[in-house]
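S.K.: Okay, handing you the structure first.
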């Protein structure tokens, strides 16, 4: 492995305060590696969550130096200083240490009617979506959501409104609405058009887009739905 | 990020209410209106005028960029667009704020 190992101070938010640990990391090691080192060699009671370790599952989302992100995709060597603060995701209840309950996130996710409801459930042939079709092009940039909750934690509107759907749920709703095979619509549009919980609460600050570990332009999804609702006279 | 539009909007609403209250003193006679205007000649209120100008410019510049983004334009160039809006807003503020400050607060 290229480069030299370096000692980092990792301050983990645990209960009421931050607990400091000193760990030695190679340049390509991640924040998740640092947490594992702490748990295995310093304090086995440290609680955090992870599964795939390659940025596919979204389970290890935490706040690193105040910014939500995936612990397995963040390298301390790229943070620019030898100390880092690691805290649980904002806007979600803490279960223990860095482990949060995703219940509020998925409660909003369910409100957006994420399930696919086919127009022809009994159809024998598979409905093909060509990659160069309108929906194919839209979905290519939006379908990679791993429901990690990073956008939910980054969203400034969630700070003041517990009713807001959040960017991931809105993005999912857009994918369902734009899908030509989808049959559901009116109930989903009604939820999106809610005064306190719908898309109109978004302040277009791009925080969700900036933080999304999959690079999804979530603000664009919200803006598309705002325009769609306005065009349908649902203002 | 701070929702700039919300806070500048609330500040402008407060100003608007104060403005309506002042205009309302006209119904109480010319002397009452003159008394109300005399209060606003205080340097502290003149400083408030400079702050009001900054708030109006910030609200307008941010509002224009938000409208652009909500219409689906400039998402990828958002940092550059915000920078242009900030520089243009800053220039406007200097053009209007400096004479206001010198004339109203410093009395020149």
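The values are calculated or read from the model by the stated rules, or taken from the named source; none is laboratory data. Note that the structure is predicted; figures quoted are calculated from it, not measured. All Cβ positions, glycine included, derive from the backbone under ideal geometry; neighbour counts span all protein chains shown.
S.K.: Would you confirm whether or not the stretch A:63-72 contains a residue that is more than 30 Å from residue A:158 (Cα to Cα) and part of a loop (DSSP other than H, G, I, E, B)?
M.R.: So far as the stretch A:63-72 goes, no, none of its residues is more than 30 Å from residue A:158 (Cα to Cα) and part of a loop (DSSP other than H, G, I, E, B).
S.K.: Need at least 3 residues that are touching a residue at least 24 places away in the same chain (Cβ under 8 Å) and more than 10 Å from chain B (Cβ to nearest Cβ) per element, so show me which helices (runs of 4 or more DSSP H) inside the stretch A:185-231 make the cut, counting only ones lying wholly within it.
M.R.: A:186-192, A:218-231
S.K.: Just a yes or no: is a residue in the stretch A:45-62 free of Cβ contacts under 8 Å to residues at least 24 places away in the same chain and over 27 Å from residue A:101 (Cβ atoms)?
M.R.: Checked against the condition, which is being free of Cβ contacts under 8 Å to residues at least 24 places away in the same chain and over 27 Å from residue A:101 (Cβ atoms), the stretch A:45-62 yields no hits at all.
S.K.: Of all residues in the stretch B:63-86, which are crowded, with 16+ Cβ neighbours inside 10 Å, free of Cβ contacts under 8 Å to residues at least 40 places away in the same chain and facing chain A (nearest Cβ under 8 Å)?
M.R.: Residues satisfying the conditions are B:69, B:70, B:75, B:78.
S.K.: Moving on. Just to be sure before I move on: is residue A:156 without any contact (Cβ under 8 Å) to a residue 60 or more places away in the chain, farther than 24 Å from residue A:136 by Cα and more than 13 Å from the chain's Cα centre (by Cα) in the structure I sent?
M.R.: Answer is yes for this residue.
S.K.: Report, by residue number, each residue of the stretch B:52-88 that is assigned to a helix (DSSP H, G or I) and out of contact with any helix residue (DSSP H, G or I) (no Cβ under 9 Å at 6 or more places or on another chain).
M.R.: Across the stretch B:52-88, the qualifying residues are B:67, B:79, B:80, B:83, B:87.
S.K.: Looking at (1) surrounded by 20 or more Cβ atoms within 10 Å (Cβ to Cβ); (2) at pLDDT below 95; (3) out of contact with any helix residue (DSSP H, G or I) (no Cβ under 9 Å at 6 or more places or on another chain), which is the only condition residue A:97 fails?
M.R.: Exception for residue A:97: condition (2).
S.K.: Within the stretch A:26-41, does at least one residue satisfy the condition of being in contact with a strand residue (DSSP E or B) (Cβ under 7 Å, 6 or more places away or on another chain), modelled with pLDDT of 95 or more, exposed (fewer than 13 other Cβ atoms within 10 Å of the Cβ) and not assigned by TED's automatic domain parsing to the domain that holds residue A:156?
M.R.: Scanning the stretch A:26-41, I find no residue that is in contact with a strand residue (DSSP E or B) (Cβ under 7 Å, 6 or more places away or on another chain), modelled with pLDDT of 95 or more, exposed (fewer than 13 other Cβ atoms within 10 Å of the Cβ) and not assigned by TED's automatic domain parsing to the domain that holds residue A:156, so the answer is no.
S.K.: Looking at the stretch A:1-44 only, could you name the residues that are without any contact (Cβ under 8 Å) to a residue 12 or more places away in the chain and under 23 Å from the mean Cα position of the chain (by Cα)?
M.R.: Passing the criteria: A:33, A:36.
S.K.: Looking at the stretch A:124-142, is at least one residue crowded, with 21+ Cβ neighbours inside 10 Å and part of a loop (DSSP other than H, G, I, E, B)?
M.R.: no
S.K.: List, please: which pairs have Cβ atoms under 8 Å, are six or more places apart or on different chains, and start with a residue in the stretch B:2-22 that is more than 11 Å from every other protein chain (Cβ to nearest Cβ) and end with one that is in a helix (DSSP H, G or I) and surrounded by fewer than 14 Cβ atoms within 10 Å (Cβ to Cβ)?
M.R.: Listed pairs, sorted by first residue: B:22/B:37.
S.K.: Are any of the residues in the stretch B:89-107 closer than 30 Å to residue A:225 by Cβ and part of a helix (DSSP H, G or I)?
M.R.: Scanning the stretch B:89-107, I find at least one residue that is closer than 30 Å to residue A:225 by Cβ and part of a helix (DSSP H, G or I), so the answer is yes.
S.K.: Just the residues that are modelled with pLDDT under 95 and over 13 Å from residue A:86 (Cα atoms), please, taken from the stretch A:8-24.
M.R.: Matches in the stretch A:8-24: A:16 only.
S.K.: Those residues that are more than 15 Å from residue A:110 (Cβ to Cβ), in contact with a helix residue (DSSP H, G or I) (Cβ under 7 Å, 6 or more places away or on another chain) and within 14 Å of chain B (Cβ to nearest Cβ), I need them from the stretch A:125-176; list them, please.
M.R.: A:138, A:142, A:151, A:154, A:155, A:156, A:157, A:158, A:161, A:167, A:174, listed by residue number.
S.K.: When you look at residue A:172, is it at pLDDT 90 or above, in contact with a strand residue (DSSP E or B) (Cβ under 7 Å, 6 or more places away or on another chain) and either farther than 15 Å from residue A:153 by Cα or not in a helix (DSSP H, G or I) (or both), yes or no?
M.R.: So residue A:172 fails the test.
S.K.: Hey, could you check the stretch A:77-94 for residues that are touching a residue at least 12 places away in the same chain (Cβ under 8 Å) and not in a loop (DSSP other than H, G, I, E, B) and say which is surrounded by the fewest Cβ atoms within 10 Å (Cβ to Cβ)?
M.R.: Among those residues, the one meeting the criterion is A:83.
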